[in-house]
1. Say each of residue 148 and residue 39 gets a label point 7 Å from the Cα, pointing the same way as Cα to Cβ; how far apart are those two points in nm?
2. Is the shape of segment 138-238 best called rounded, prolate or oblate, per the rule: a/c under 1.5 gives rounded, else a/b larger than b/c gives prolate, else oblate, with a ≥ b ≥ c the square roots of the Cα gyration tensor eigenvalues?
3. Using just the helices of the chain, give the 222 nm mean residue ellipticity in deg cm²/dmol: DSSP H runs with n ≥ 4 each add -39,500 (n - 2.57), and the total is spread over all residues, rounded to 500.
4. Hey, rough spin-label estimate for residue 341 and residue 256, points 7 angstrom out along Cα→Cβ, what's it come to in nanometres?
5. Once the piece of chain linking residue 388 and residue 229 is laid out straight, how much longer is it, given 0.36 nm per residue of separation minus the C-alpha distance between them?
6. Classify segment 90-172 as rounded, prolate or oblate, taking a ≥ b ≥ c as the square roots of the eigenvalues of its Cα gyration tensor: rounded when a/c is under 1.5, otherwise prolate if a/b is larger than b/c and oblate if not.
7. Give me the Kirkwood hydrodynamic radius of segment 1-121 in Å, from all C-alpha pairs, to one decimal place?
8. Between residue 326 and residue 114, what's the calculated FRET efficiency when r is the beta-carbon distance and R0 is 35 Å? Round to 0.05.
Ligand SMILES: Cc1cc2nc3c(=O)[nH]c(=O)nc-3n(C[C@H](O)[C@H](O)[C@H](O)COP(=O)(O)OP(=O)(O)OC[C@H]3O[C@@H](n4cnc5c(N)ncnc54)[C@H](O)[C@@H]3O)c2cc1C
């Protein structure tokens, strides 16, 4: 049995603790904040993310508290035309083996946290900001701000996009600022007119901007998330913004989209950041995971799903491992690198599909509306249909 020190108690870090504990190891999770908690509203989980949760023993619980979505609905945000829907029921669920769901981020986090607390092999420590690591032939040590050190057989940096472990391991500077601002709020569903309620994740695509909404918390709230390419150069996170700014920014959208946006009250804004994929996630007994390894724009709704896939694979690879950590981590990176890089690029490029205007938007609509449900399923199959991210093939 080895002792694995995990830096960061987000979705990725907690899932990794469950994964490595499932392989017979002990895990220590070091979280910078004073408490283990997760803010935010809804999070979409495609079947690949739920397969990972199944492997961690939490699939049933997540399916039980999630909204099971019927379709991904793509609208022309200016004309209001329904362009195409990717059905998520019937054949989609049969083909990919799980539903496409939305869960409240806090609920998903609570399930992961409870599973960690229930495991005698997992030690959760809050108030532990890491500043770096060192290692020798037989161990790896996390260095905490304040001087304390925590030693184990291996270290996993799951400390998010501004990862201290990545800073030392990759040293690739600050994240890339995308020039896109997203505004977010939630509204009680009872305030949404009945004719504007449907069980879909809906995109309203407009010139240089788009608006996504979906139900969360068992359908009691509607999550609103409009984005605009405004050339923002400074990363901001959760900054309050008044509703008039949101109204003006999305004035080019048509009536229905604007009616929904007008229901939002307490808006907050984020300038989106990501990083270019890199060739190095591991250094001997140290590896990166989740957003620390492959931070991506949220437009593919896959960041958490990928962190969960990482966690399952890593758990499998560390099964029976007592000393060959460098080798297992190399294998983990080799298995995960191309898939996560492809999704990172897809998320960046999605605005090219969503943000055109005029004739380019019409051509896009014609192309999308000509696709059959089967073709749409084929298009997402490599991403949503993945379930072979652990198990026998990984070892
Ligand atoms: C607006 C938005 C919408 C999204 N929607 C989706 C979606 O629908 N579906 C999806 O799959 N993904 C989505 N994502 C992506 C998803 O939220 C992330 O990919 C996921 O949360 C990454 O988890 P993580 O554990 O790797 O990192 P984080 O969630 O960032 O967790 C890192 C943890 O490490 C801690 N930490 C940081 N530094 C240190 C340190 N030095 N020492 C100790 N602890 C530290 C932090 O406090 C935090 O608890 C979305 C992201 C955004 C921004």
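1. So the label points at residue 148 and residue 39 sit 2.4 nm apart.
2. Values: a/c = 3.64, a/b = 2.00, b/c = 1.82.
Judged from the Cα gyration tensor, segment 138-238 comes out prolate (a/c at least 1.5, a/b above b/c).
3. Details: 12 runs with 139 residues, N = 395.
-11000 deg cm²/dmol, from helical runs alone.
4. Output for this residue pair reads 4.0 nm.
5. Numbers: separation 159, 0.36 × 159 = 57.24 nm, distance 3.58 nm.
So the extension gain works out to 53.7 nm.
6. Details: a/c = 2.38, a/b = 1.93, b/c = 1.23.
Prolate is the answer for segment 90-172, as a/c is 1.5 or above and a/b outweighs b/c.
7. Details: mean 1/r = 0.0624 Å⁻¹.
Result for segment 1-121, one decimal place: 16.0 Å.
8. Details: r = 33 Å, r/R0 = 0.94.
Here the calculated transfer efficiency is 0.60.
Read-outs: derived from the displayed coordinates by stated rules, not from any lab. Every value quoted in this text rests on a predicted model; they were computed, and no experiment measured them. In this analysis, Cβ positions are derived from the backbone assuming ideal geometry, glycine residues included, and neighbour counts consider all displayed protein chains.
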